[in-house]
Amino acid sequence: MEQIQGRAQRTKNSILRAAEQIFAAKGMDGARVDEIAEVAGANKRMIYAYYGSKEQLYEAVLAAVYSRLRECETAPVADEDPRRAIRALVHAYFVFLKNNPSYVRMVMWENLYEARHFDEGGLMDVRSPIRQAMRDLLRRGKATGVFRMDVEEEQVLMTLFACTFNYFSNIHTMSRVMKQDLLSEEAMNAREEDVALLLQRYLEP
C-alpha cells in the first residue's frame, strides 16, 4: 500500500513540475494537457484524476510557487535586529528570484489574467504570513527607535516587491537599455546593495 501511495505521489510531483515548466512558458491558455503529460511522463488521464482540470492544475502550480517564496521569507524576518532583517530579506528575495525564474513568469502571467486564478485558488492566505511578519518586524523596529513611527507594512512590502521583482521581470530589456549583463553576479550584487540601502534609509527615523 505504501509503495502504491509513494508511486502516486511521485507521479503527482512529476505532473506538477512539468506543468510549472509549461505554464511558465505559455500561460494557462497556451498550455496543452497533452504536452504536460508528455513532459511529466504520465498518462493524460492521471492529470485529470489528480487535479481535476487544466485550470485547477494551473492553480496548484501557482500555489506551489507562492509557497516556495513564503518559505524563503521566514528566516530573514525573524532576525532580532530589525535593520539586519530588512537587509537579509532583500538578499533572500534576490536569491529566490534568481533561482526561480518560473515564479517570475507565473506571476507575470497571473497579472495578465488579472489575478483571476489567484482569487479562485484562494491564495490570499499564502501571502498573509509575510504581511504579519513585516508588521511584527516594523513594530520591533519602532519600539527600539531604529524605524520611523509612521511607516506601514503595506508600503514597505510594495516597495520591496517592486524593487526586487521588477529587476527580474524586466531583466532582458533593462540589460539592453543599461548596456550590461544584469544577470551577472556583479550587477545583481550592486542592485541588491542599492535596494537594501534604499529601504534602510526610508525606514530610518
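Using only helices, what value at 222 nm comes out for the chain when you add -39,500 (n - 2.57) per DSSP H run of length 4 or more and divide by the total residues, to the nearest 500 deg cm²/dmol?
-27000 deg cm²/dmol
Please list 3J(HN,Hα) in residue order for region 31-45, calculated via the Karplus relation 6.51 cos²θ - 1.76 cosθ + 1.60 where θ = phi - 60°; whole Hz, with x for glycine and proline.
7, 10, 4, 4, 5, 4, 4, 5, 5, 6, x, 10, 6, 4, 4
Based on Cβ point charges of +1 for Lys and Arg and -1 for Asp and Glu, what charge dipole magnitude is obtained for the chain about its Cα centre, in debye rounded to the nearest 20?
In total the dipole reaches around 300 debye.
Using θ = phi - 60° and the Karplus relation 6.51 cos²θ - 1.76 cosθ + 1.60, list the HN-Hα couplings for region 165-170 in order, rounded to whole Hz, with x at every Gly or Pro.
Result, rounded to whole Hz: 5, 4, 4, 8, 6, 10.
Aspartates and glutamates within cross-link reach of Lys44: Cα-Cα under 12 Å, excluding same-chain residues under 8 positions apart?
Asp34, Glu35
³J(HN,Hα) across region 103-114 via Karplus (A = 6.51, B = -1.76, C = 1.60, θ = phi - 60°), whole Hz, x for Gly/Pro?
Karplus values, whole Hz, x for Gly and Pro: 4, 4, 5, 5, 5, 5, 4, 5, 5, 5, 7, 6.
Read-outs: derived from the displayed coordinates by stated rules, not from any lab. These figures come from a predicted structure and were not determined experimentally. Quick reminder, even Gly has a Cβ in these numbers, built from the backbone with ideal geometry, and neighbours come from all protein chains shown.
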